[in-house]
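Asker: Okay, here's the structure, questions in a sec.
The values are calculated or read from the model by the stated rules, or taken from the named source; none is laboratory data. Since this is a predicted model, take the numbers as computed values, not measurements. Positions of Cβ are generated from backbone atoms using ideal geometry, with glycine treated the same way; all protein chains shown enter the neighbour counts. Accessible surface is based on the protein model in full, side chains and every heavy atom, while ligands, DNA and RNA are left aside. Shrake-Rupley method; radii C 1.70, N 1.55, O 1.52, S 1.80 Å.
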Amino acid sequence: MSSRFTSKLHSERVAAQLGIWLGISFTIAFVTGLFSHFMQHPPSWLLWPSRPVNLYRFTQGLHVIGGIATIPLLLAKLWTVYPRLWQWPPFRSIGHATERGLVALLVAGSLFQVVTGVTNIAYWYVWPFVFTNAHYWTAYILVGALIIHVANEWAKVKRHALPTRVRIPPEPPADARSRRRFLTTVAAASGIAALVTVGETYKPLSRLALLAPRNPDKGPQGLPVNRSAAAAGITVNADYRLLITGSVRNQLSFTYEDLLKLPQHTVRLPIACVEGWSYDAEWTGIRLKDLMAQAGVPSDATLSVESLQRYGAYGVSEVKPPHWHDPLTLLAIKVNGETLHPDHGYPVRLIAPNRPGVMQTKWVTKVVAS
Ligand SMILES: Nc1nc2c(c(=O)[nH]1)N[C@H]1C(S)=C(S)[C@@H](COP(=O)(O)O)O[C@H]1N2
Ligand SMILES: [Mo]
């Protein structure tokens, strides 16, 4: 090994310890990521519960903020092991080549997930592929490679990072000190990265949310917006109607004034964007289940909630029975006591508990039961 690589921190022990932290954070990212994917794309048999109200807000906050906190860990790990990445000769045997291929996949996969995740939440859509598909499928490849890697490296983890009785040569005190200092610095960097993002979902820390692309109190009515009414091509005319149709006993059609005369309810619910930011608000409107009862919709129906939107994705979302039977699920007309701003979905938006923000459809004009 050349003299450039003499730092004691390029050690098996540091690598193993960082490896454990990364193993934990990748597992959290994978599980919360799957949760988010299958909430947005559930197979027909899968019915997510509508409670706890803040579950998706919590898991997606963990996914995004945890992902950001992983960056310092990943960089530290790459720095620790990079002398080994520059081995010469690069391949000594088929086994060695396979092992190195796996490590290459692991490094590339981790960097890909972090870079695409961060550019996505920063609204920097520079990639030629669809982010959600690429991020989703790479996760499986990465987790597969990670499982094999952990199995290969388990002896080192056991030797250095687990409380076992395996004897390892005592470490000189100076080395132990610099190792601890390095790991503490990495943990602090990770903690600070999380701290300056968490304000995007936890309001008391919103002033610290320096890294957060969306601040929870900036936007019309003091609430953030992803797609504005102008960007979605929304025009609301006097002929606006809310139509309840599909497999219904009575097809219903309401003008905006009709909706104002229906029994109104107020609920406190979050909007939890898949990008990690979220905010709580008080929503007032008509219970979806009341409308469905009036229309005579079968209790196991799936509802398709459709928007006036003309451009872009997310103009339709599905609402399954656990969500539309929930009394908290509204077609909202007001937010925090005010008529919805056009950017928040005027005249009517869907708001339901435990649900990704992209499925809280704005500018609703039609509910189709099937
Ligand atoms: N019709 C429609 N509804 C939509 C969207 C959209 O693009 N079109 N964006 C969604 C997304 S991604 C989020 S996070 C929430 C945000 O709601 P807000 O803009 O009122 O904060 O609205 C959702 N509703
Ligand atoms: Mo979103």
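Asker: How about region 78-112: which of its residues are under 14 Å from HIS149 (Cβ atoms) and of a type in the set (Ser, Thr, Tyr)?
Answerer: If the condition is that a residue be under 14 Å from HIS149 (Cβ atoms) and of a type in the set (Ser, Thr, Tyr), then THR98, SER110 are the ones that fit.
Asker: I've got another one for you. May I ask you to verify whether ILE271 is within 16 Å of ligand 2 (Cβ to nearest atom), touching a Ser or Thr at 6+ places or on another chain (Cβ under 8 Å) and part of a strand (DSSP E or B)?
Answerer: Spelling it out, ILE271 is indeed within 16 Å of ligand 2 (Cβ to nearest atom), touching a Ser or Thr at 6+ places or on another chain (Cβ under 8 Å) and part of a strand (DSSP E or B).
Asker: Tell me the residue from ALA231, ALA238 that is more than 32 Å from the chain's Cα centre (by Cα) and surrounded by fewer than 17 Cβ atoms within 10 Å (Cβ to Cβ), please.
Answerer: The conditions single out ALA238.
Asker: If you don't mind, there's one more thing I want to ask. State all residues of region 251-298 that are away from ligand 1 (no atom under 16 Å from the Cβ), of a type in the set (S, T, N, Q) and either on the phi > 0 side of the Ramachandran plot or open to solvent by less than 60 Å² (accessible area, probe 1.4 Å) (or both); if no residue qualifies, say none.
Answerer: THR255
Asker: Could you go through region 337-344 and let me know if any residue there is within 8 Å of ligand 1 (Cβ to nearest atom) and of a type in the set (D, E, K, R).
Answerer: yes
Asker: Another question, if that's okay. Listed residues PRO213, PRO224, PRO172; which is at pLDDT below 95, open to solvent by 40 Å² or more (accessible area, probe 1.4 Å) and within 16 Å of ligand 2 (Cβ to nearest atom)?
Answerer: PRO213
Asker: Residue by residue through region 299-333, note down the ones that are open to solvent by less than 30 Å² (accessible area, probe 1.4 Å) and either part of a helix (DSSP H, G or I) or outside the structural domain of HIS265 (by TED's automatic domain parsing) (or both).
Answerer: Result: PRO321, HIS323, TRP324.
Asker: Still on this structure, I have one more. Restricting attention to region 70-91, which residues are over 13 Å from ALA189 (Cβ atoms) and surrounded by 12 or more Cβ atoms within 10 Å (Cβ to Cβ)?
Answerer: LEU78, THR80, VAL81, TYR82, PRO83, ARG84, LEU85, GLN87, PHE91
Asker: While we're looking at this one, here's another question. Given the condition at pLDDT 95 or above, more than 16 Å from ligand 2 (Cβ to nearest atom) and either open to solvent by 20 Å² or more (accessible area, probe 1.4 Å) or among the basic types (Lys, Arg) (or both), answer yes or no: does some residue in region 355-366 qualify?
Answerer: yes
Asker: If LEU210 satisfies all but one of (1) hydrophobic (A, V, I, L, M, F, W, C); (2) touching a residue at least 60 places away in the same chain (Cβ under 8 Å); (3) more than 15 Å from ligand 1 (Cβ to nearest atom), what's the number of the condition it fails?
Answerer: Result: LEU210 passes all but (2).
Asker: Give the residue, chosen from LYS77, LYS158, that is out of contact with any Gly (no Cβ under 8 Å at 6 or more places or on another chain), under 19 Å from GLU12 (Cβ atoms) and not aliphatic (A, V, I, L, M).
Answerer: Step by step, each of LYS77, LYS158 is checked, and only LYS158 is out of contact with any Gly (no Cβ under 8 Å at 6 or more places or on another chain), under 19 Å from GLU12 (Cβ atoms) and not aliphatic (A, V, I, L, M).
Asker: So which of ARG51, ARG84, ARG92 is assigned to a loop (DSSP other than H, G, I, E, B), modelled with pLDDT under 95, in the same structural domain as ALA139 (by TED's automatic domain parsing) and not hydrophobic (A, V, I, L, M, F, W, C)?
Answerer: Unique residue meeting the criteria: ARG92.
Asker: List, please: which pairs have Cβ atoms under 6 Å, are six or more places apart or on different chains, and start with a residue in region 339-364 that is within 23 Å of ILE121 (Cα to Cα) and end with one that is near ligand 1 (Cβ under 6 Å from one of its atoms) and among the basic types (Lys, Arg)?
Answerer: Close Cβ pairs (under 6 Å, with a partner that is near ligand 1 (Cβ under 6 Å from one of its atoms) and among the basic types (Lys, Arg)) amount to GLY345/LYS362.
Asker: Same structure again: What is the number of the single condition among (1) farther than 20 Å from LEU260 by Cβ; (2) crowded, with 23+ Cβ neighbours inside 10 Å that ARG349 does not meet?
Answerer: Result: ARG349 fails condition (1) only.
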